[in-house]
Amino acid sequence: MSFPATRLRRLRRSDRLRSLVRETRLDLEDFVYPLFVGPEAFENPDLPGLGRHSVESLATEAHELEQLGVRSVILFGIPEEKDAEGSGAWDDDGVIQQALRALREGAPGLVLLTDVCVCEYTSHGHCGALEGDDVDNDATLELLARTAVSHAEAGADAVCPSDMMDGRVGAIRSALDEAGHSETPIVSYAAKYVSAFYGPFREAAESAPAFGDRRGYQLDPANVREALRECELDVREGADALIVKPALPNLDVIRAVRERFDLPVGAYNVSGEYAMLKAAGARGWLDERQAAVESLTAIVRAGADLVVSYWTKELAGWL
């Protein structure tokens, strides 16, 4: 039937009716809050949520997050010293390892995920060991595997490799199994694109490359079939969940991954996406809260089962 018998506006007449038939809902349990941990704590006045915690201040933050109902966090570490290999990434007394042990004891209700990469730990800022000016893919696999094992031993609930090296999921899975951590899941950044939207994160994490860029290992933003191949390989190597990053420029990729694979699909609502709305809201160009909720709803509607977002803490209050 068509108009006038069919009038789609009937179910849009009130908040209660719209809520009754709403197809996509935001659930705080599906959101992951990124936390930066370093030798000392300091705030970022321009971008709340992209400041840095010390291991000590992290406990206070974790308690507040639990009180708000936030269930999951992902940890990024900034070491006191860096070297060419990024050895601080797998140091038993490294900043992430200390943070995991502190949170495991002080915030037992939180799901603790960790970013597995060495870009924050290397003096050159690239995501692996160098051979000349190029990242040596195969030499990097051992470094990533050692990092993942150290995180699992310190109490991580899941490890999240974000480096985009070929074969990293298989190497990490083998290392975890051999170390007695066969139950630790791997949440792979399977489709991580080169992006201008990472800028605020790289400043917060001190992880910008000292030379060149990451186009040699991160995905070309023009490609979706290649992203699906990356996901397929990671699934074969033992990934337990897949992440697409960044989220908003790649809603079509999230949908394609959701339709192709039965694994949980995640999306990273990255720092630049967050920063744009914060800046526009501060200037009165748009309603920050409405724009953030609209953006997060679009990510979930595209097919994301979990969303890593700097809005998570604020979303807890909104919901």
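Note the angle between two axes, namely the Cα long axis of helix 251-260 and the longest principal axis of the Cα atoms of the chain, as a number of degrees from 0 to 90, rounded to the nearest 10.
80 degrees
Give me the Debye-computed log₁₀ of I(q)/I(0) at q = 0.19 Å⁻¹ for region 191-281, equal point scatterers on Cα only, no solvent, two decimals.
Debye output, listed in q order: -0.93.
Report the relative contact order of region 144-240, percent, no decimals, based on alpha-carbon pairs under 8 angstrom and at least 6 residues apart.
On the way: 109 pairs, mean separation 32.8, N = 97.
Dividing the mean separation by the residue count of region 144-240 yields 34 percent.
At 0.36 nm per residue, and after removing the present C-alpha to C-alpha distance, how many nm does the segment from residue 202 to residue 2 gain when stretched out fully?
Values: separation 200, 0.36 × 200 = 72.00 nm, distance 5.28 nm.
Full-extension gain reported as 66.7 nm.
Could you check how many percent of all C-alpha pairs in region 55-135 are farther apart than 18 Å? All intermediate terms of the calculation are to be shown ahead of the outcome.
Working: 1482 of 3240 pairs.
In whole percent, the share of Cα-Cα pairs in region 55-135 beyond 18 Å is 46.
Would you please give the residues with an amide H less than 5 Å from that of residue 51, counting only those at least 5 places away or on a separate chain, with H modeled from the backbone geometry?
44
Hey, what's the Cα Rg ratio for region 234-282 versus the globular rule of thumb, 2.2 N^0.38 Å?
With N residues counted in region 234-282, Rg over 2.2 N^0.38 Å equals 1.40.
Note the full-extension length gain between residue 136 and residue 232 as 0.36 nm times their separation in residues minus their Cα-Cα distance, in nm to one decimal.
Working it through step by step, the gained length comes to 32.3 nm.
May I ask you to evaluate 6.51 cos²θ - 1.76 cosθ + 1.60, the Karplus curve with θ = phi - 60°, for each residue of region 19-26 and list the ³J(HN,Hα) values in order in whole Hz, giving x for glycine and proline?
Running phi through 6.51 cos²θ - 1.76 cosθ + 1.60 with θ = phi - 60° gives 5, 4, 10, 5, 7, 10, 10, 8 Hz.
Assuming a viscosity of 1.002 mPa s and a temperature of 20 °C, what translational diffusion coefficient in µm² per second does Stokes-Einstein assign to region 278-319, Rh being the Kirkwood radius over Cα pairs?
The estimated diffusion coefficient comes to 195 µm²/s.
Enumerate the amide H contacts of residue 304 below 5 Å, restricted to partners 5 or more residues apart or on another chain; note that Pro and chain-start residues carry no placed amide H.
Those lying under 5 Å, H to H, from residue 304: there are none.
Calculate log10 I(q)/I(0) of region 51-198 for q = 0.13, 0.14 Å⁻¹, where I(q) comes from the Debye formula with a single equal point scatterer on each Cα and nothing for solvent.
-0.56, -0.65
At a Förster radius of 22 Å, what calculated FRET efficiency corresponds to the Cβ-Cβ distance of residue 179 and residue 83, to the nearest 0.05?
Efficiency for this residue pair is about 0.40.
For region 112-152 and region 71-92, what is the separation of their C-alpha centers, rounded to whole Å?
Measuring centre to centre over Cα atoms gives 10 Å.
By a straight-distance test (C-alpha under 27 Å), which lysines pair with residue 313 as possible cross-link partners, with residues fewer than eight away in the same chain excluded?
192, 245, 278
State, to one decimal in nm, how far the label point of residue 260 lies from the label point of residue 54, with both points 7 Å from Cα in the Cβ direction.
Label at residue 260, label at residue 54, 4.6 nm between them.
For a quick check: with amide H placed at 1.01 Å from N, whose amide H comes under 5 Å from residue 190's, ignoring anything fewer than 5 positions away on the same chain?
It is 243, by chain and number.
In vacuo Debye scattering of region 146-232, one point per C-alpha: log10 I(q)/I(0) at q = 0.15, 0.22, 0.24 Å⁻¹?
-0.67, -1.11, -1.17
For the Cα atoms of the chain, what angle does the longest principal axis make with the long axis of helix 271-282, in degrees from 0 to 90, nearest 10?
Roughly 50 degrees between the two axes.
Residues with beta-carbon under 11 Å from that of residue 156, excluding residue 156: net charge, scoring Lys, Arg +1 and Asp, Glu -1?
-1
Cα extents of the chain along the three principal axes, largest first, in whole Å?
For the chain, the Cα spread along each principal axis is 69, 42, 38 Å.
Per residue, what accessible area does the chain have, given a 1.4 Å probe and all protein chains present, in Å²?
On the way: 15110 Å² over 319 residues.
About 47 Å² of surface per residue is accessible.
FRET efficiency for residue 44 and residue 213, Cβ-Cβ distance as r, R0 = 35 Å, nearest 0.05?
Efficiency, rounded to the nearest 0.05: 0.90.
Which residue fluctuates most in the GNM of the chain (Cα springs below 10 Å): 230, 178, 85?
Comparing 230, 178, 85 in a Gaussian network model of the chain, the most mobile one is 178.
The values are calculated or read from the model by the stated rules, or taken from the named source; none is laboratory data. In this text the structure is predicted, and so the values were computed from the model without any measurement. Don't worry about glycine lacking a Cβ; one is built from the backbone with ideal geometry, like all the others, and counts go over all protein chains shown. Surface areas here come from the heavy atoms of the whole protein model, side chains and all, with no ligands, DNA or RNA. Shrake-Rupley method; radii C 1.70, N 1.55, O 1.52, S 1.80 Å.
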